[in-house]
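A short worksheet on the structure shown next.
The values are calculated or read from the model by the stated rules, or taken from the named source; none is laboratory data. Since the model is a prediction, treat every value here as computed from it, not as a measurement. Positions of Cβ are backbone-derived with ideal geometry, glycine not excepted, and every protein chain shown enters the neighbour counts.
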Amino acid sequence: MRAHLQLAPWPSEQAQGTGEHKIRVVLADDHGLVRRALRRLLDAEDGIEVVQEAVDLDAASSHVHAHAPHVLVIDLDLPNGSTLLTVEALRRRAPDTEVVVLAMESTPFFAQRVLDAGALGYVLKDQADAELVAAVRAAARGERYVSPQIAAALEALDAVQAQGGLSRREAEVLRLTALGYTGMEIAGQLHISRRTVDSHRATIHAKLGLRTRAELVDYALGHGLICSC
């Protein structure tokens, strides 16, 4: 795991509630009501302080450089560009600031892309009340935090890749196919063409020796890609 470059010697959890030892956060979300709710959530915590808010990617980058926060909490779908590219750029230019991404997207493939870009946290927006504080504290310690349901799906994808010889994208196409999504729906979710989806499906059938959708569903259930609940 990548080591966290701290701005100052980090105190024990008992000492994190006061003064200079607070975790400083820049919060970036373009929806005012959501942003204010998240700020109230974080500011209510001992040892966490939101030092600035941003409504787009340009402002988020500017505030990170101006305030050098310990953690940037950023929405995955901010306007004015790509959040993923912004995260990659900030990890190069402001390596002391860790990143927690908030997202509506529960597809593990996107969570992996966010983590690959350099973020330490991936939190589903509908779980922010329960998980964001823990994600911010973990990021400040240089530790990864992923919403549990996404983490479980990522582990399952890793296992399928290792056992079945599938690529990450093929494993995700398998998961979505087993969940009942059409080729067009999968293409839309993964931002790829329908022809690419069909190519991945053909490769999946060849690698795993599965011929029908029922067999794919059984395989996905047996390997934890989907649940029977």
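For residues that are in contact with a Leu (Cβ under 8 Å, 6 or more places away or on another chain) and surrounded by fewer than 22 Cβ atoms within 10 Å (Cβ to Cβ), scanning just the range 85-102, find the one that is nearest to Val136 (Cα to Cα).
Looking at the filtered set, the residue picked out is Asp96.
Can you tell me how many residues in the range 52-84 are within 16 Å of the chain's Cα centre (by Cα) and over 30 Å from Arg175 (Cα atoms)?
2
Answer yes or no as to whether Val87 is within 15 Å of the chain's Cα centre (by Cα) and in a helix (DSSP H, G or I). So that I can check it myself, show each step before the final result.
Details: within 15 Å of the chain's Cα centre (by Cα): yes; in a helix (DSSP H, G or I): yes.
Answer is yes for this residue.
Would you check if there is a residue in the range 145-158 being farther than 30 Å from Glu45 by Cα, at pLDDT 90 or above, buried (at least 19 other Cβ atoms within 10 Å of the Cβ) and hydrophobic (A, V, I, L, M, F, W, C)?
no
Among (1) within 30 Å of Glu98 (Cβ to Cβ); (2) touching a Leu at 6+ places or on another chain (Cβ under 6 Å), which single condition is Val133 missing?
Of everything listed in (1) within 30 Å of Glu98 (Cβ to Cβ); (2) touching a Leu at 6+ places or on another chain (Cβ under 6 Å), Val133 misses just condition (2).
How about the range 33-73: which of its residues are polar (S, T, N, Q) and in a strand (DSSP E or B)? Steps first, answer last, please.
Here is the first cut: in the range 33-73, the residues polar (S, T, N, Q) are 52, 61-62.
If the condition is that a residue be polar (S, T, N, Q) and in a strand (DSSP E or B), then Gln52 is the only one that fits.
Give me the pairs: first residue in the range 69-87 and free of Cβ contacts under 8 Å to residues at least 60 places away in the same chain and assigned by TED's automatic domain parsing to the domain that holds Leu115, second residue of a type in the set (D, E, K, R) and assigned to a helix (DSSP H, G or I), beta-carbon distance under 7 Å, and six or more apart or on different chains, which are they?
The qualifying pairs are Asn80/Asp58; Leu84/Arg113.
Within the range 99-110, can one find any residue that is of a type in the set (A, V, I, L, M, F, W, C), over 22 Å from Leu84 (Cα atoms) and not in a helix (DSSP H, G or I)?
No.
Go through (1) more than 30 Å from Gly188 (Cα to Cα); (2) out of contact with any helix residue (DSSP H, G or I) (no Cβ under 6 Å at 6 or more places or on another chain); (3) modelled with pLDDT of 95 or more and name the single condition Leu38 misses.
(1)
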